[in-house]
Amino acid sequence: MAAPSTDGSGSIWQPYRPPAPLPRARRLGPLRLIPALKRNPLECWATEHFVRPLIVGGLPVGHVVLVNDPDAIRRVLLDNASNYRKDRLQRRVLSAGLGEGLLSAEDDAWRNQRRTFAPLFSRRMVAQFAPAMLQAAYALVERWRCQDGATLDVAAEMARLTLDVLERTIFSDGFGCKAEEVRPAMVTYFETIGRIDPLDLLGLPTWVPRVSHLRVRSVLRFFERIIDELIATKRRRLIEQPDGAPQDLLTLMLAAVDPGTGEHMSEAEVRSNVLTFIMAGHETTANLLSWSLFLLSEAHDWRQRVRAEADREIGSGSVHDLAERLPHARAAIDEAARLYPPIAAISRVAIESDKLAGEAIPRGTLVVIAPYVLHRHRMLWSDPDVFDPTRFLGDRRSRIGRYSYLPFGAGPRTCIGSAFALQEATVVLATIIRSFSMRVAPGHSVWPLLRVTLRPAGGLPMKIKSDR
Ligand code: HEM
């Protein structure tokens with residue numbers, strides 16, 4: 001175990017190095033790479049990926065570069081973003097079947113949707129959802145109190161909670177009678193799209209059938225039916241009581257007007273985006289919370305800080321700015337997102353040739369930006385594998401380069417839901433830590449697994465003890 005350290009405030013803490021695969025001494029060759037990618041892409045990275053600014057080559061076909069240099073990343077995601085489009089693999093894995101929603105749309109369709117929906121996810125608007133997030137956290141606390149001393153799969157619990165938050169904030173009244181069918185369908189969706197299909201890696205065109213796609217399609221049809229019913233109910237309610245309908249995200253989406261054209265979104269666009277927000281915001285936030293709870297269960301000093309702050313702030317003052325009054329909970333979350341970024345890799349394809357970090361980038365190159373690698377890069381971070389939320393407090397936070405830390409991406413296609421996710425995670429984490437002590441179940445070893453999102457392999461069984 002590493003020696004105790006101080007954080008600048010004078011308090012002594014024991015550095016904690018959470019579980020992660022050791023980088024390989026050398027890269028895998030193409031034959032071993034494909035099955036390894038299918039098993040767990042995190043275990044494929046080699047030492048050179050964590051020390052060099054740019055690495056050429058990787059996949060068995062096509063020209064691929066991994067970019068770690070912050071200036072080069074800025075060029076791909078911001079300065080020359082129009083030259084780098086979302087590639088087929090990324091669309092297939094991260095937005096399978098989500099139609100022309102914000103995650104997968106391009107060009108004018110994307111621009112219109114983005115500027116229409118951006119105000120719905122502004123900080124001011126997101127603050128209005130804080131009470132619903134806190135209510136969802138309280139509901140979980142009540143449920144857990146009835147199971148005091150039990151071992152629960154915290155990863156599954158967080159998935160349930162984040163779905164609950166989305167239900168409360170998008171539909172107010174929830175999924176109604178279909179709620180119990182929605183959760184298992186969500187699990188099937190993520191299990192199926194989560195496995196990288198070797199046919200996708202080999203770049204085979206979409207018309208070559210993949211068994212996985214058929215399964216995804218039937219689950220999506222089920223979701224679409226439910227969402228169509230909820231939209232129809234909401235429209236009826238808006239006609240019957242124009243001023244009385246709850247101001248949830250669905251009401252706001254139906255009312256939203258594109259500032260460029262003055263038009264409302266079509267029925268299909270609203271449906272695609274409801275589905276997109278659920279799919280993009282559910283597992284990602286659940287994993288961020290699971291990792292944060294796991295890390296705090298191992299780092300006692302930090303758990304105490306988060307608890308003291310939560311004791312002081314929850315229940316006093318306004319709920320709307322609660323997350324802003326919880327800087328220690330937020331720092332723990334930011335550090336969890338550094339060590340275990342839920343979206344561990346982002347990719348783009350170069351439309352025209354370019355130059356990145358002094359390297360020629362031919363057109364058609366697949367450019368990979370991997371927050372998991374970037375956040376542990378030896379040239380960008382000190383003690384990169386150590387859990388140290390003080391990096392995100394005060395002055396130290398302002399020294400972190402914008403393009404060295406990318407849990408939510410950057411540039412025009414940065415995550416539209418980042419303020420929503422961070423507020424939710426902060427409020428929920430503080431509420432749970434305030435009420436419970438948690439330990440990983442004896443005999444279980446926690447391990448990160450990349451399947452669409454970065455999750456704990458085999459769930460996160462933890463023994464829960466109520467402290468109040
Ligand atoms: C911890 C939680 C989350 C993480 C780590 C996360 C991460 C990301 C990342 C990295 C991107 C950019 C992908 C790229 O550039 O290719 C993205 C885009 C996106 N995210 Fe999130 N996200 C989270 C939560 C949410 C939530 C709560 C919502 C909505 C309710 C959401 C909706 C979206 C959408 C719609 C996009 C596409 C934006 C566009 O292309 O204009 N995300 N997210």
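The values are calculated or read from the model by the stated rules, or taken from the named source; none is laboratory data. For clarity, every value in this text was computed on a predicted model and none was experimentally measured. With ideal geometry, Cβ positions are generated from the backbone for all residues, glycine too; neighbour counts draw on all protein chains shown.
Structure notes:
- Qualifying position, being among the aliphatic types (A, V, I, L, M) and over 20 Å from the mean Cα position of the chain (by Cα), among 361, 369: 361
- Of the listed requirements (1) crowded, with 23+ Cβ neighbours inside 10 Å; (2) within 14 Å of the ligand (Cβ to nearest atom), residue 345 misses just one: (1).
- Filtering the range 14-50 to residues that are farther than 22 Å from residue 454 by Cα and modelled with pLDDT of 90 or more leaves 25, 26.
- Scanning the range 236-255 for residues that are over 25 Å from the mean Cα position of the chain (by Cα) and at pLDDT 90 or above yields a total of 2.
- Filtered residues of the range 414-435 (kept if among the hydroxyl-bearing types (Ser, Thr, Tyr), under 21 Å from residue 322 (Cα atoms) and within 7 Å of the ligand (Cβ to nearest atom)): 418
- Filtered residue count, the range 115-147, keeping only those that are farther than 15 Å from residue 249 by Cα and not hydrophobic (A, V, I, L, M, F, W, C): 7
- Residue among 427, 446 that is in a helix (DSSP H, G or I) and over 14 Å from the mean Cα position of the chain (by Cα): 427
- Within the range 370-424, the set of residues being out of contact with any His (no Cβ under 6 Å at 6 or more places or on another chain), crowded, with 19+ Cβ neighbours inside 10 Å and β-branched (Val, Ile, Thr) comprises 390, 416.
- For the range 394-413, the condition holds for no residue, the condition being that it is over 30 Å from residue 79 (Cα atoms), away from the ligand (no atom under 16 Å from the Cβ) and either among the β-branched types (Val, Ile, Thr) or over 14 Å from the mean Cα position of the chain (by Cα) (or both).
- Search result, residues across the range 160-174 that are closer than 19 Å to residue 433 by Cβ and out of contact with any Ser or Thr (no Cβ under 6 Å at 6 or more places or on another chain): 160, 161, 164, 165
- Members of the range 158-188 found to be within 16 Å of the ligand (Cβ to nearest atom) and either within 16 Å of the chain's Cα centre (by Cα) or within 27 Å of residue 295 (Cα to Cα) (or both), listed by number: 158, 159, 160, 161, 162, 163, 164, 165, 166, 186
- Subset of the range 386-417 (residues that are without any contact (Cβ under 8 Å) to a residue 24 or more places away in the chain and of a type in the set (Asp, Glu)): 395
- Residues that are touching a Leu at 6+ places or on another chain (Cβ under 7 Å) and in a loop (DSSP other than H, G, I, E, B), drawn from the range 343-374: 344, 357, 370
- Residue 192 being touching a helix residue (DSSP H, G or I) at 6+ places or on another chain (Cβ under 9 Å) and within 16 Å of the ligand (Cβ to nearest atom): no
- Any hit, the range 432-442, residues being assigned to a loop (DSSP other than H, G, I, E, B) and in contact (Cβ under 8 Å) with a residue 60 or more places away in the chain: yes
- For the range 140-166, filtering for residues that are touching a residue at least 60 places away in the same chain (Cβ under 8 Å), surrounded by fewer than 15 Cβ atoms within 10 Å (Cβ to Cβ) and not hydrophobic (A, V, I, L, M, F, W, C) leaves 4.
- Subset of the range 69-104 that is hydrophobic (A, V, I, L, M, F, W, C) and under 21 Å from residue 283 (Cα atoms) - its residue that is modelled with the highest pLDDT: 102
- Those helices (runs of 4 or more DSSP H) of the range 105-190 in which 2 or more residues are of a type in the set (Val, Ile, Thr) occupy 154-166.
- Total residues in the range 310-323 satisfying the condition of being under 20 Å from residue 390 (Cβ atoms) and either surrounded by 15 or more Cβ atoms within 10 Å (Cβ to Cβ) or touching a Pro at 6+ places or on another chain (Cβ under 8 Å) (or both): the figure is 3.
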